Amino acid sequence: MRAAVLSAALTLSLGAASPALAAPVVAEVKVSIGPELAAKTKLLGPRDFADLSSALRRAVERKLRLRPGGGTLNLVIEDAKPNRPTPEQLSRSAGLSMESFGVGGARIGGDYVDPAGGRTPIAFSWYETDIRWARYGGTWHDAETAFDKLADRIARDQYGPAR
């Protein structure tokens, strides 16, 4: 049942009809924070955005073999929800503690630009739906899970069907 709910919450648009993305070769991964999430800088804290960007880049680069002459993968973290309060939230609200928890996740957009300049859009979203799992993770556990799921999807499209 949980798998059915998760797969319903999971969306990815990588343009399967595009021959350029049938076997993309990636030379570079660029990650940025989208305007919707950037508007929450004061609430969540700028350090956490740098950590999220690094986590997404690491997750994708860990799954892909970066190769010279390939395209560029431009990823934008459009939204992210923490499982626990960020240090910035803890400093601003006396009612929060690290014992506080909730469900989190992330929405990522962007595109793959092949070496010829063709663009293929990417849209991916995953949010945990079961709060029972939230107490065991860190501040950005579910967002990092979303990053890992996106990286798996991109790698599967790069290397053929999942093993």
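VAL29 sits among other residues whose Cβ lies under 10 Å from its own Cβ, and their net charge, with Lys and Arg +1 and Asp and Glu -1, is +1.
As a rough guide to protection, the peptides 79-92, 119-132, 144-157 ranked by mean Cβ packing within 10 Å, highest first, stand as 144-157, 79-92, 119-132. Out of the total accessible area of segment 47-118 (probe 1.4 Å, heavy atoms of protein only), what percent is carbon and sulfur? The computed percentage sits at 51. In terms of packing, defined here as the mean over residues of other Cβ atoms within 10 angstrom, the peptides 28-40, 101-113, 54-66 line up highest first as 101-113, 54-66, 28-40. For segment 22-163, the solvent-accessible area of protein heavy atoms averages 51 Å² per residue (probe radius 1.4 Å; ligands and nucleic acids excluded). Inter-label distance, LEU96 to THR72: 3.4 nm, where each label sits 7 Å from its Cα along the C-beta direction.
The values are calculated or read from the model by the stated rules, or taken from the named source; none is laboratory data. Fair warning: this is a prediction, and the values are worked out from it, not measured in the lab. Ideal geometry is used to build each Cβ from the backbone, glycine not excepted, and the neighbour counts take in all protein chains shown. For the accessible areas, the whole protein counts, side chains as well, though only heavy atoms, and no ligand, DNA or RNA atoms are used. Shrake-Rupley method; radii C 1.70, N 1.55, O 1.52, S 1.80 Å.
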